[in-house]
Amino acid sequence: MKSFEKIYEQNYPMMYRVAVKMIGDKDAVRDIVQEVFVCLYEKGKGTDEINNYSAWLYKATYFKSIDYLKANKRFSKLETIEDRTCQEESYEQKEVKKMIQNALNKLDPKNRFLVVLYSEGLSYKEMAEITEINFASVGKTLSRALKKMEKELKTEYYELF
């Protein structure tokens with residue numbers, strides 16, 4: 001296994017962002033990311049070989065987030081959004097982020113994760129590998145999820161469009 005510390009440093013920020021977008025609760029997110037790294041460390045002790053650490057970590061973060069959501073029955077209404085507190089961020093910018101997060105929360109978890117991966121700048125090939133969706137279906141599935149979000153935004157916040 002590559003240097004565990006190097007893998008940690010390279011992937012922690014990505015995992016944290018993904019988990020925050022999935023569940024919102026920063027305290028729970030820290031625990032989730034920690035659990036994923038403990039699993040990776042334990043897996044590294046065994047004979048299992050991981051070919052793509054980033055893909056494995058994305059998947060593990062997704063599944064741990066889903067487990068958390070199931071345990072807390074929070075699929076339908078996630079109240080919190082990623083808190084990127086910036087002194088210059090205006091009230092309008094915060095409201096737009098909140099609206100987008102609310103629309104994202106109305107998607108089912110698999111589509112939400114796909115949109116989160118897209119927002120992280122992953123390629124369709126990487127998204128297919130992580131989500132185990134057929135490569136040919138990623139674009140269409142993502143497009144449908146984004147259209148659902150767009151429809152929700154237009155329905156709920158029509159005065160902005």
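Data overview
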read-out: Long-range neighbours under 7 Å by Cβ, at least six apart or interchain, first residue more than 22 Å from Ile50 (Cβ to Cβ) and without any contact (Cβ under 8 Å) to a residue 60 or more places away in the chain within the range 24-36, second of a type in the set (A, V, I, L, M) and crowded, with 19+ Cβ neighbours inside 10 Å; value: Lys26/Val20; Val29/Ala19; Val29/Val20; Val29/Ile23
read-out: Leading residue by the ranking (most open to solvent (accessible area, probe 1.4 Å)) among those in the range 6-45 that are within 20 Å of Glu129 (Cβ to Cβ) and among the basic types (Lys, Arg); value: Arg17
read-out: Any chance Ser119 is of a type in the set (S, T, N, Q) and modelled with pLDDT under 75; value: no
read-out: Residue identified as at pLDDT 75 or above and either of a type in the set (Asp, Glu) or open to solvent by 100 Å² or more (accessible area, probe 1.4 Å) (or both) among Asp67, Asp48; value: Asp67
read-out: The range 112-161, residues that are more than 19 Å from Gln93 (Cα to Cα), in a loop (DSSP other than H, G, I, E, B) and open to solvent by 60 Å² or more (accessible area, probe 1.4 Å); value: Gly121, Glu132, Asn134
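The values are calculated or read from the model by the stated rules, or taken from the named source; none is laboratory data. Everything quoted here is computed from the prediction, not taken from an experiment. Every residue, glycine as well, gets a Cβ built from its backbone with ideal geometry; the counts of neighbours run over all protein chains shown. All accessible areas refer to the heavy atoms of the entire protein, side chains included, with ligands and DNA or RNA removed. Shrake-Rupley method; radii C 1.70, N 1.55, O 1.52, S 1.80 Å.
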